[in-house]
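Undergrad: Provided herewith is a single structure, encoded as structure tokens, for subsequent inquiry.
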Amino acid sequence: MIELLELQRLGREQVTLASGKTHLVGKYEATIGFGGSVHSVEVVEAGEPLVGMGLLWGFDLRIQCIDDGQVVLERLS
């Protein structure tokens, strides 16, 4: 996906996984639209897409943890 989106490479960054292991991964810059605003965000290589908590700041996130469960994201007032 990083190649498809032609993201600009910023370098490499060391990340720590939930297992406690550390890995050196590529870091990129992307511009996204979210919550009615445009944001510049850093993207690190991972096995699957993840959203950082910083992007979700100021929102209420509700997830039904069942098959086909609903995901609701609302801006906090």
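The values are calculated or read from the model by the stated rules, or taken from the named source; none is laboratory data. These numbers come from a predicted model, not from an experiment. Heads up, the Cβs are rebuilt from the backbone with ideal geometry, glycines too, and the neighbour counts pull from every protein chain shown. Ligands, DNA and RNA are excluded from the accessible area calculation, which covers all protein heavy atoms including side chains. Shrake-Rupley method; radii C 1.70, N 1.55, O 1.52, S 1.80 Å.
Undergrad: Where nothing but the Cβ of Lys and Arg (+1) and of Asp and Glu (-1) is charged, how large is the charge dipole of the chain around its Cα centre, in debye to the nearest 20?
TA: Approximately 280 debye in magnitude.
Undergrad: Let me check the size of region 36-77 from its C-alpha atoms; what are the radius of gyration and Dmax in Å?
TA: 12.7, 34
Undergrad: Here is a follow-up. Considering only protein heavy atoms and a probe of 1.4 Å, how much of the accessible area of the chain is carbon and sulfur, as a whole percent?
TA: Ligands and nucleic acids excluded, carbon and sulfur give 54 percent.
Undergrad: Can you tell me the Rg and Dmax of the chain, counting just the alpha carbons, in angstroms?
TA: 14.9, 38
Undergrad: As a test of the formula, what do you get for the chain when each DSSP H run with n ≥ 4 contributes -39,500 (n - 2.57) and the sum is divided by the residue count, at 222 nm and rounded to the nearest 500 deg cm²/dmol?
TA: Helix contribution divided over all residues of the chain: -1500 deg cm²/dmol.
Undergrad: Name the residue from A18, L56, L76 whose Cα lies farthest towards the positive end of the charge dipole of the chain, charges +1 on Cβ of Lys and Arg and -1 on Cβ of Asp and Glu.
TA: Value: A18.
Undergrad: In Å², and per residue, what accessible area does the chain have when probed at 1.4 Å with the other protein chains present?
TA: 86 Å²
Undergrad: Treat each spin label as a single point 7 Å out from the Cα along the C-beta direction, and report the L5 to V38 distance in nm.
TA: Output for this residue pair reads 1.5 nm.
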